[in-house]
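Here the structure is laid out as structure tokens; the discussion comes afterwards.
The values are calculated or read from the model by the stated rules, or taken from the named source; none is laboratory data. Here the structure is a predicted model, which means the values were calculated and not measured. Cβ: placed from backbone, ideal geometry, glycine included. Neighbour counts: every protein chain shown. Just the protein is used for accessible areas: all its heavy atoms, side chains included, with ligands, DNA and RNA removed. Shrake-Rupley method; radii C 1.70, N 1.55, O 1.52, S 1.80 Å.
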Amino acid sequence: MRERRLAQERRHAREFEVFVAGAAGRLLHTATLLTGEPVSRPAPAAEELLTCALSRTYAVWDRLRGEDPYERTRQEMAAHFAHTAWRHRRPRGGLLDRLSPQERLVLVLRLYEGVAEEQTAAQLGLPTERVHALCLRALAEMRSRRPEPRPAPKPAAP
């Protein structure tokens, strides 16, 4: 009986490793967008957020039964980010760092991850209208502060 349990645990560990190998890159990018850290540099807050979400997913791995592990991990990450948003208020130089944590969360879930407005609202415990307004406000903020186009380099004199 114990050997069967050990074999099952090893199988679950292998399955989880395969999942992480395939999904970790995209999940880390999502976490980096959420925390507002630059994509080009190490992102310790994003790595911590992802590690926490992956550990929670692994804890329930044998009970997922047909549930999408990517979806589960993304939900865990979003929930943990929402509960610790106060940590992510100061600018860190990332693409979305000028948005509030709540605006970042809604924008990333809606536009980057493609989660429906109703699902985002249910997951965050907000009315659908509030999610819609947050998304519009975040988009307006991002559009209003576009970086200035760089001037074209001057051609070299012959």
Out of Thr32, Thr57, sole residue that is under 30 Å from Glu141 (Cβ atoms) and open to solvent by less than 60 Å² (accessible area, probe 1.4 Å): Thr32
All positions within region 123-133 that are over 17 Å from the mean Cα position of the chain (by Cα) and not charged (D, E, K, R): Gly125, Leu126, Pro127, Thr128, His132, Ala133
Region 45-54: number of residues that are in contact with a Lys or Arg (Cβ under 9 Å, 6 or more places away or on another chain) and open to solvent by 30 Å² or more (accessible area, probe 1.4 Å): 0
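So that you can scan it fast, the table gives a plain yes or no per residue for (1) within 16 Å of Leu33 (Cβ to Cβ); (2) surrounded by 20 or more Cβ atoms within 10 Å (Cβ to Cβ); (3) more than 13 Å from the chain's Cα centre (by Cα):
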site: Gly93; (1), (2), (3): yes, no, yes
site: Gln102; (1), (2), (3): yes, no, no
site: Leu109; (1), (2), (3): yes, yes, no
site: Tyr112; (1), (2), (3): yes, no, no
site: Val115; (1), (2), (3): yes, yes, no
site: Glu118; (1), (2), (3): no, no, yes
Pair list, Cβ under 6 Å, 6 or more apart: region 1-12 residue over 17 Å from Ala59 (Cβ atoms) and modelled with pLDDT of 85 or more, other residue hydroxyl-bearing (Ser, Thr, Tyr) and surrounded by 10 or more Cβ atoms within 10 Å (Cβ to Cβ): none
Of all residues making up region 119-158, the number that are among the acidic types (Asp, Glu) and modelled with pLDDT under 95: 2
Residue match in region 59-76 (condition: farther than 20 Å from Leu111 by Cα, within 15 Å of the chain's Cα centre (by Cα) and free of Cβ contacts under 8 Å to residues at least 12 places away in the same chain): no
Within region 35-44, tally of residues that are polar (S, T, N, Q) and open to solvent by less than 10 Å² (accessible area, probe 1.4 Å): 1
